[in-house]
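Worksheet: the structure to be examined is printed underneath.
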Amino acid sequence: MRGSVQNRLAPDKARGPLWVGLAWALTLGWMALIFWLSSLPDLPGPEGQLWDAALKKLGHLLEYAVLSGLLWWALKVSFQLRPSRLYIWAFLLSLLYAASDEVHQAFVPGRTATFFDLGLDALGMLAILGAIRMVGRSLALQGPLHSERMDGR
């Protein structure tokens with residue numbers, strides 16, 4: 001029954017429904033925060049155009065790093081996916097949301113949609129998913145108990 005669809009869609013028994021609900025609540029809450037921030041015509045920032053632009057671009061990296069990390073966790077506790085598919089799904093869903101957010105910003109007065117921002121979003125996603133993978137591999141070297149936590153093995 002290892003490869004059956006039912007087995008792959010079953011929640012992680014070690015986590016339980018509370019963890020599944022918490023992971024998805026945090027993920028959806030973070031997505032709502034991103035949407036709200038994107039709805040603001042102009043985000044307040046520090047004095048000076050250079051600092052303001054730099055902090056906003058750093059914000060793109062960080063907000064989508066957090067989103068993809070939360071999505072990775074929610075997918076991990078909800079579905080039994082191979083680790084490679086877990087990272088791919090977390091990245092693709094985050095990228096899809098980032099693209100929809102850029103489209104949303106195109107309709108907000110004072111905001112613009114750019115591929116550069118989408119690229120920064122993707123860079124943040126890749127950075128956190130790469131860090132999660134490295135930590136998971138490091139824990140896997142310590143034994144099977146630790147690898148179950150992060151690497152999905």
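The values are calculated or read from the model by the stated rules, or taken from the named source; none is laboratory data. These numbers were taken from a predicted model, which means no experiment stands behind them. FYI the Cβ positions are ideal-geometry reconstructions off the backbone, even for glycines, and counts take in every protein chain you see.
So the values come out like this:
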quantity	calculated
Test: residue in the range 108-116 that is over 19 Å from residue 42 (Cβ atoms) and either more than 10 Å from the chain's Cα centre (by Cα) or not aliphatic (A, V, I, L, M) (or both)	yes
Boolean, residue 125 is within 28 Å of residue 19 (Cβ to Cβ), modelled with pLDDT under 80, under 20 Å from the mean Cα position of the chain (by Cα) and not small (Gly, Ala, Ser)	no
Test set (1) outside any helix (DSSP H, G or I); (2) more than 26 Å from residue 40 (Cα to Cα) - residue 75 fails condition number	(1)
Tally of residues being more than 26 Å from residue 16 (Cβ to Cβ), of a type in the set (Phe, Trp, Tyr) and surrounded by 20 or more Cβ atoms within 10 Å (Cβ to Cβ) across the range 48-89	1
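Conditions tested, residue by residue: (1) surrounded by 14 or more Cβ atoms within 10 Å (Cβ to Cβ); (2) in contact with a Lys or Arg (Cβ under 6 Å, 6 or more places away or on another chain); (3) among the aromatic types (Phe, Trp, Tyr).
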residue: 91; (1), (2), (3): yes, no, yes
residue: 95; (1), (2), (3): yes, no, no
residue: 99; (1), (2), (3): yes, no, no
residue: 103; (1), (2), (3): no, no, no
residue: 106; (1), (2), (3): no, no, no
residue: 115; (1), (2), (3): no, no, yes
residue: 119; (1), (2), (3): no, no, no
residue: 124; (1), (2), (3): yes, no, no
